[in-house]
Amino acid sequence: MTAISLGMPSVPTKLADRRVSRKIQVGSVAVGGDAPISVQSMTTTRTSDIGATLQQIAELTASGCQIVRVACPTQDDADALATIARKSQIPVIADIHFQPKYVFAAIDAGCAAVRVNPGNIKQFDDKVKEIAKAASAAGTPIRIGVNAGSLDARLLQKYGRATPEALVESALWEASLFEEHGFGDIKISVKHNDPVVMVNAYRQLAAQSDYPLHLGVTEAGPAFQGTIKSAVAFGALLSEGIGDTIRVSLSAPPAEEVKVGLQILEALNLKQRRLEIVSCPSCGRAQVDVYKLADQVAAGLDGMEVPLRVAVMGCVVNGPGEAREADLGVASGNGKGQIFVKGEVIKTVPESKIVETLIEEALKIAEQMEKDGVPSGPPVVDAVGEPEVPAG
């Protein structure tokens, strides 16, 4: 007689196998292949202001950013690249538009990679041979970044607008020019402000090449709208195994972009989870102010790096079950809260004591997890010490 297992069913930890792509090295961060998906952002300072730029890079590094891009529209910016690339704690990508001479300046400055936008660099195709030679000699990867807003005029005429096909054709054409000169250390992005167009473009690109892909919804908008658009687009692609690096483009401080990007990866189990607050949306059954409780607990535990799930629940219907499943939780009602730790009720406290009790217990659990060697926090970057920030 065949035995029937009555154990817990296995739970899938990922939605799809990762697309197979070639691996490149962006400074200390591997991109593509079996490397973890990395989160990028871009500084908003004038790159020529070395002190301000390094300060913002330090802030981004602290928020979990793994690769940073800096703009290089002027000669003063190009002159600053060497210092910034040397003192940054994370790899620096130079963002080049319009002037091909700055591509060579970025390579000479020791940037970890160079992003070029072929659609708005004058006579770019004529410079590919020289760029490929210089990049190859320095071991500098090139990101071919095609944007809907700056698509080559020839492709706009051919397709009528920035269609997925137009974006993909532009990117692969430019990549083929580099390949003709023996250079294949390439990453590609095909960005559009419409998530549907963007997703279709990346799907086509993924099917037609093995280049590592940098995901982005360009000009995504203010924080709320941009977060939604990016989460929808990235979620669709990452759930299919497509994507090797991501940047959430928000009209908001760069650290917010990193925060959203990390949350997207954590939600898809593509990065080690840190603090996660599970809270109900509240309803007529709730006997406590769930919104207030959840906000206060989140604020009290802000910055916690260990993978801790805290459930803040407001009624007896789903509350006990959710609280029991979390590392730490509360099921509230009748002016009291049952506190759960690892599935067991450890105490019942008055509503006024729920927040402080959850925070105390969370800190105890976090301390024990750290003693037990549970990994926490953003990936460690190969760098030593804080960047030196010169005066002025």
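Residue 264 passes every criterion in (1) under 30 Å from residue 179 (Cα atoms); (2) at pLDDT 95 or above; (3) not aromatic (Phe, Trp, Tyr) apart from (1).
Take the conditions (1) modelled with pLDDT of 95 or more; (2) over 17 Å from residue 144 (Cα atoms); residue 1 misses just one of them, which is (1).
Can you tell me which residues in region 315-368 are in a helix (DSSP H, G or I) and of a type in the set (D, E, K, R)? Please lay out each step first, then the result.
Of region 315-368, the ones in a helix (DSSP H, G or I) are 319-325, 351-368.
If the condition is that a residue be in a helix (DSSP H, G or I) and of a type in the set (D, E, K, R), then 322, 324, 325, 351, 353, 356, 360, 361, 364, 367 are the ones that fit.
Residues checked against (1) modelled with pLDDT of 85 or more; (2) closer than 30 Å to residue 373 by Cβ; (3) within 32 Å of the chain's Cα centre (by Cα); (4) open to solvent by less than 80 Å² (accessible area, probe 1.4 Å):
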{"position": "283", "(1), (2), (3), (4)": "no, no, no, yes"}
{"position": "309", "(1), (2), (3), (4)": "yes, yes, yes, no"}
{"position": "315", "(1), (2), (3), (4)": "no, no, no, yes"}
{"position": "346", "(1), (2), (3), (4)": "yes, yes, no, yes"}
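Checked against (1) part of a loop (DSSP other than H, G, I, E, B); (2) of a type outside the set (Lys, Arg); (3) surrounded by 22 or more Cβ atoms within 10 Å (Cβ to Cβ), residue 258 meets all criteria but (1). Within region 24-38, the set of residues being more than 16 Å from residue 88 (Cα to Cα) and not in a loop (DSSP other than H, G, I, E, B) comprises 24, 25, 30, 31, 38.
Annotation: of all residues in region 223-235 being among the small types (Gly, Ala, Ser) and open to solvent by 30 Å² or more (accessible area, probe 1.4 Å), the one that is nearest to residue 15 (Cα to Cα) is 231. Among the criteria (1) in contact with a Leu (Cβ under 7 Å, 6 or more places away or on another chain); (2) farther than 30 Å from residue 89 by Cβ; (3) modelled with pLDDT of 90 or more, the one residue 356 does not fulfil is (1). For region 180-205, a residue qualifies if it is in contact with a helix residue (DSSP H, G or I) (Cβ under 9 Å, 6 or more places away or on another chain), open to solvent by less than 20 Å² (accessible area, probe 1.4 Å) and either closer than 20 Å to residue 247 by Cα or assigned to a helix (DSSP H, G or I) (or both), and the qualifying residues are 186, 188, 189, 190, 191, 198, 199, 201, 202, 205. Residues that are surrounded by 24 or more Cβ atoms within 10 Å (Cβ to Cβ) and outside any loop (DSSP other than H, G, I, E, B) within region 206-222 comprise 213, 214, 215, 217, listed in sequence order. Scanning region 159-179 for residues that are of a type in the set (D, E, K, R) and in contact (Cβ under 8 Å) with a residue 12 or more places away in the chain, we see that the one that is most open to solvent (accessible area, probe 1.4 Å) is 165. Candidates are the residues of region 87-128 that are touching a strand residue (DSSP E or B) at 6+ places or on another chain (Cβ under 6 Å) and either assigned to a helix (DSSP H, G or I) or without any contact (Cβ under 8 Å) to a residue 12 or more places away in the chain (or both); the one that is most open to solvent (accessible area, probe 1.4 Å) is 102. Could you please find all residues in region 50-86 being buried (at least 17 other Cβ atoms within 10 Å of the Cβ), not hydrophobic (A, V, I, L, M, F, W, C) and not in a helix (DSSP H, G or I)? Correct list: 64, 66, 69.
Any residue at all in region 161-170 that's of a type outside the set (Asp, Glu) and under 22 Å from residue 29 (Cβ atoms)? Lay out the reasoning, then the answer.
Quick first cut of region 161-170, residues of a type outside the set (Asp, Glu) only: 161-164, 166-168, 170.
Add one more test, that the residue is under 22 Å from residue 29 (Cβ atoms), and what stays is none.
Checked against the condition, which is being of a type outside the set (Asp, Glu) and under 22 Å from residue 29 (Cβ atoms), region 161-170 yields no hits at all.
Find all pairs meeting these conditions: Cβ atoms under 6 angstrom apart; at least six residues apart or on different chains; first residue within region 221-242 and within 12 Å of residue 264 (Cβ to Cβ) and at pLDDT 95 or above; second residue surrounded by 15 or more Cβ atoms within 10 Å (Cβ to Cβ) and of a type in the set (Phe, Trp, Tyr). Between residues of region 221-242 that are within 12 Å of residue 264 (Cβ to Cβ) and at pLDDT 95 or above and residues that are surrounded by 15 or more Cβ atoms within 10 Å (Cβ to Cβ) and of a type in the set (Phe, Trp, Tyr), the close pairs are 237/202.
The values are calculated or read from the model by the stated rules, or taken from the named source; none is laboratory data. For clarity, every value in this text was computed on a predicted model and none was experimentally measured. Cβ sites come from the backbone with ideal geometry, for glycine too, and all protein chains shown count toward neighbours. Ligands, DNA and RNA are excluded from the accessible area calculation, which covers all protein heavy atoms including side chains. Shrake-Rupley method; radii C 1.70, N 1.55, O 1.52, S 1.80 Å.
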